[in-house]
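Everything below concerns the one structure shown next.
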Amino acid sequence: MKKIFAVVALAASVALSGNVLAHGAKAKHGGIVQSAGDLAFELVDKDGSTKIYVDDHGKALPTAGASGTLTVLKGREKTELPLEAGTDNTLVVKGDAKLAPGSKAVAAITFADKKAVSVRFSIK
């Protein structure tokens, strides 16, 4: 009886584990999503510009007054670019981020309330 219960419990946990993994933040703008604290950050590089969208529990977080730096690491090459508040919930990268597959990007952001956060992206 104990063996049957153990097998049923194991089967149920395996069957339900997929649902737990499915609740991660989804890319709304076709970018790469990472979380830091309670916030979700989406790095989007398209049409010649690079932006970071910021959400707080699925709702757009206004970025007015925020600033920061995007550091792009590719091999031994390191490029630092300023981030400035854009419209609504975006931070805009000033300059060419050169986000090539295999590179890493680290955004160090300070919001208007002086809260600082750092988030890392792996470019695929």
Next on the checklist: Scan the stretch 111-124 and tell me whether some residue there is among the small types (Gly, Ala, Ser), at positive phi and either exposed (fewer than 13 other Cβ atoms within 10 Å of the Cβ) or assigned to a strand (DSSP E or B) (or both).
Outcome noted: no
Next on the checklist: Looking only at residues that are part of a loop (DSSP other than H, G, I, E, B) and in contact (Cβ under 8 Å) with a residue 24 or more places away in the chain in the stretch 76-95, which one is surrounded by the fewest Cβ atoms within 10 Å (Cβ to Cβ)?
Outcome noted: Asp88
Checklist entry - How many residues, within the stretch 63-81, are closer than 15 Å to Ala116 by Cα and within 18 Å of the chain's Cα centre (by Cα)? => result 6
Checklist outcome for this item: Counted residues in the stretch 96-121 being within 15 Å of Ile52 (Cβ to Cβ) and touching a residue at least 40 places away in the same chain (Cβ under 8 Å) come to 13
Checklist entry - Within the set of pairs 6+ apart or on separate chains, which have a first residue in the stretch 49-74 that is under 19 Å from Lys94 (Cα atoms), a second that is of a type in the set (Lys, Arg) and part of a strand (DSSP E or B), and C-beta atoms under 6 Å apart? => result Leu73/Lys104
Next on the checklist: Can you find a residue that is more than 21 Å from Lys124 (Cβ to Cβ), modelled with pLDDT under 85 and part of a loop (DSSP other than H, G, I, E, B) anywhere in the stretch 1-12?
Outcome noted: yes
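The values are calculated or read from the model by the stated rules, or taken from the named source; none is laboratory data. If you're wondering where the values come from, they're calculated on a predicted model, not measured in any experiment. As a convention, Cβ positions derive from the backbone with ideal geometry for all residues, glycine included, and neighbour counts pool all protein chains shown.
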